[in-house]
Amino acid sequence: MRRPGWLFTLAMLGGTADASSGAGTGPALSWTGTFGGGDVSVARRGTREEREARQRLRIYEAKRTLHAEQNRRRRRDNVIAALAALVVIALAATAQVLYFTSGPGAPVASPTPTSSSTPTPTPPPAPEGANTGDVPDPAIAEGRTWTGTLTLNDVALGVSLDGAAAPQGVAAILSLSQSGFYTGK
């Protein structure tokens, strides 16, 4: 018999059932009923379906426990790895600081010049456009054209230097070539 809604029909062996209060006498071995218009039946305790359901539940719980334990272990291992990395980085930084402050990599103190009681005279500034330092005299070029060969990668190149157009540049090249600066380079 189908009844809509939440009504259940109890089948009791050796007793009676009151559908309105749910009270009855005797052991309940099985029950059937309707829920939302459909038939519902539950097997007796101790049947094969119930044992299989309990076994599936045990397997499911074991898998959940294993998964939770793996997650805890993974989290623990990640924390340990991060701490180990921090310790290695801290040791490396400390070793470098010690090496460069007190070890063989420490800078050597060099003597600093002391100021004398008499100041050294500073040369007057060079006039605007004048050469300073060890610069050859442009009179060496004397407005002439200089010719020669320049060998690059076993190839001889002809060179012509115009002393009238660039007397200072020609004088510098002539001075360096006469001192042997370009020989073998």
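Observations on the model:
- Residue in segment 138-158 that is farthest from the chain's Cα centre (by Cα), counting only those that are among the aliphatic types (A, V, I, L, M) and not in a helix (DSSP H, G or I): A141
- Scanning segment 155-185 for residues that are over 21 Å from V135 (Cβ atoms) and at pLDDT 85 or above yields a count of 6.
- First in segment 95-107 and of a type outside the set (D, E, K, R), second anywhere and open to solvent by less than 90 Å² (accessible area, probe 1.4 Å) and at pLDDT below 80, Cβ under 7 Å, 6 or more apart: Y99/G105; F100/A106
- All positions within segment 159-179 that are farther than 15 Å from P136 by Cα and either part of a loop (DSSP other than H, G, I, E, B) or in contact with a Ser or Thr (Cβ under 6 Å, 6 or more places away or on another chain) (or both): S160, D162, A164, A165
The values are calculated or read from the model by the stated rules, or taken from the named source; none is laboratory data. Remember, predicted model here, so these are calculated numbers, not experimental data. Cβ atoms come from the backbone with ideal geometry, glycine included; neighbour counts cover every protein chain shown. The protein model used for the area step is the full one, side chains on, heavy atoms only, and it has no ligands, DNA or RNA in it. Shrake-Rupley method; radii C 1.70, N 1.55, O 1.52, S 1.80 Å.
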